[in-house]
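Each remark here refers to the structure printed beneath this line.
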Amino acid sequence: MDNKEVRINKFLSEAGFCSRREADKLLEEGVITINGKQPEMGTKVKPTDEVRVKGELIKNSNNNLVYLAFNKPRGIVCTTDTRREKDNIIDFINYPERIFPIGRLDKYSEGLILLTNDGDIVNKILRARNNHEKEYIVRLNKPIKGNFIKEMGSGVPILGTITKECYIEQLGTHSFKIILTQGLNRQIRRMCEHFGYKVASLKRVRIMNVKLDLPIGKWRHLTTDELKNINELVKTSHKTFDSNSKG
C-alpha cells in the first residue's frame, strides 16, 4: 500500500481480510478499532495506524492474490463467520490463507461460487448494474405448465420491484435453465414462488466466463485465461454496491 490514507473498508479489502461490504458490517458491529478507538463509517487509515478486528491485528501486506472456483454442496453457508456458523464455507475448504466468497449461494443451493482475497475484484464482480451473467439449473416441485417460462423471463414482481428480463429455457417437465444479470436476495426462489412453485433444487453452473467443472465439495484455482477474461469483463465497473445474489 502507498503512503496515502484510505477508507477503513478499502484497507480491509486490500489486506485480504474481507470485502468492503463485510467491512461496513463489521464497522456497524463495533468490532473494528484504529489505534484502540472505534472508527466511524468512512474513517481513513494511515500507514502508521494500528487496525484490529475483534482484537486481531490486520496488516496490509497481502501480495499473494488467490482466486478459487468451488462447487458448494447443499448445507454449506457462505459466511466468513466461523464462530457462529459451524457449517461455513471457510472451514469446509480449509484453504491455508484467508479468503472470502464473492457473493452468496444460499444454504440450500449448490454449485459454483468464487472465493478470493482480492477485495477490489469482489467489489467489481458483485455490481449487478454491470450485467455479469450467472447461470443456474433449477428443478421445481411440480411440472411446469402454462406461460410460466415466458412470464419468468419477462420480469416478475418481487421485493418491491420488477426483475430484469432474462434468458430462460425449459429443460424437462420440472426443470429449466435461467441466466440472471441481477442480484436480488433469493431471487430465483422468490420468482418461482410468485407463480406457485417451490424450488426443489438449484445449482449455479456458471459465473461470467467461469463454468462449473468440479465434483461437489471440490475447489480449484482459476486459470490464467479465466482471470484475464474476468478482469476484462469488470474493468469498467463502478465503485458502488448493489445487492448480492443468493440464488
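Bear in mind these aren't lab numbers, they're just calculated from the coordinates by the rules spelled out. The structure presented is a predicted model; accordingly, all values stated were derived computationally and were not measured. Glycine gets a Cβ as well: all are built from the backbone with ideal geometry, and neighbour counts include every protein chain shown.
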Apply the Debye scattering formula to the chain, with a single equal point scatterer on each alpha-carbon and no solvent, then give log10 I(q)/I(0) at q = 0.07, 0.08, 0.10, 0.11 Å⁻¹. -0.26, -0.34, -0.52, -0.62
CD proxy, 222 nm, the chain: helix-only mean residue ellipticity via -39,500 (n - 2.57) per DSSP H run with n ≥ 4, per residue, nearest 500, stands at -6000 deg cm²/dmol
Within the chain, what's the longest stretch lacking GluC sites (Glu not before Pro) that sit in DSSP loops with no more than 15 other Cβ atoms inside 10 Å? 166-247
Average silhouette area of the stretch 93-199, convex hull of alpha-carbon atoms, in square nanometres: 7.5
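Stokes-Einstein at 37 °C, 0.692 mPa s, Kirkwood radius from Cα pairs: D for the stretch 185-236 in µm² s⁻¹?
On the way: Rh = 13.7 Å.
The Stokes-Einstein estimate is 239 µm²/s.
Pop the C-beta distance of residue 49 and residue 97 into the FRET formula with R0 = 22 Å and round what comes out to the nearest 0.05.
0.40
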Mean-square fluctuation check for the chain, GNM, Cα pairs under 10 Å: which of 179, 121, 149 is largest? 149
Could you name the lysines whose alpha carbon sits less than 22 Å from that of residue 218, not counting residues in the same chain fewer than 8 places away? 72, 86, 107, 134, 203, 246
The stretch 90-108 versus the stretch 115-189: alpha-carbon centroid distance in Å: 22
Straight-line reach only, C-alpha to C-alpha below 19 angstrom: list the aspartates and glutamates that residue 44 could link to, leaving out same-chain residues fewer than 8 apart. 2, 5, 14, 22, 24, 28, 29, 56, 120
Of 177/235; 10/150; 198/235; 124/177; 59/228, those spanning more than 31 Å from alpha-carbon to alpha-carbon: 10/150; 198/235
How many nm is it between the label spots at residue 194 and residue 41, if each spot is 7 Å from the Cα in line with the beta carbon? 2.9
What list of whole percents do you get for P(r) of the stretch 1-93, with Cα-Cα distances grouped in 10 Å bins up to the one holding the largest distance? 15, 44, 30, 11, 1
Within a Gaussian network of the chain (alpha carbon springs, distance under 10 Å), most fluctuating of 100, 176, 17: 176
If each of residue 108 and residue 141 carries a label point 7 Å out from its Cα toward its Cβ, how far apart are those two points in nm? 0.8
So, with points 7 Å from each Cα along the Cβ direction, the residue 165-residue 81 label distance in nm works out to 4.0
Cut-off 10 angstrom, C-alpha nodes, Gaussian network model of the chain. Which of 57, 114, 214 fluctuates the most? 57
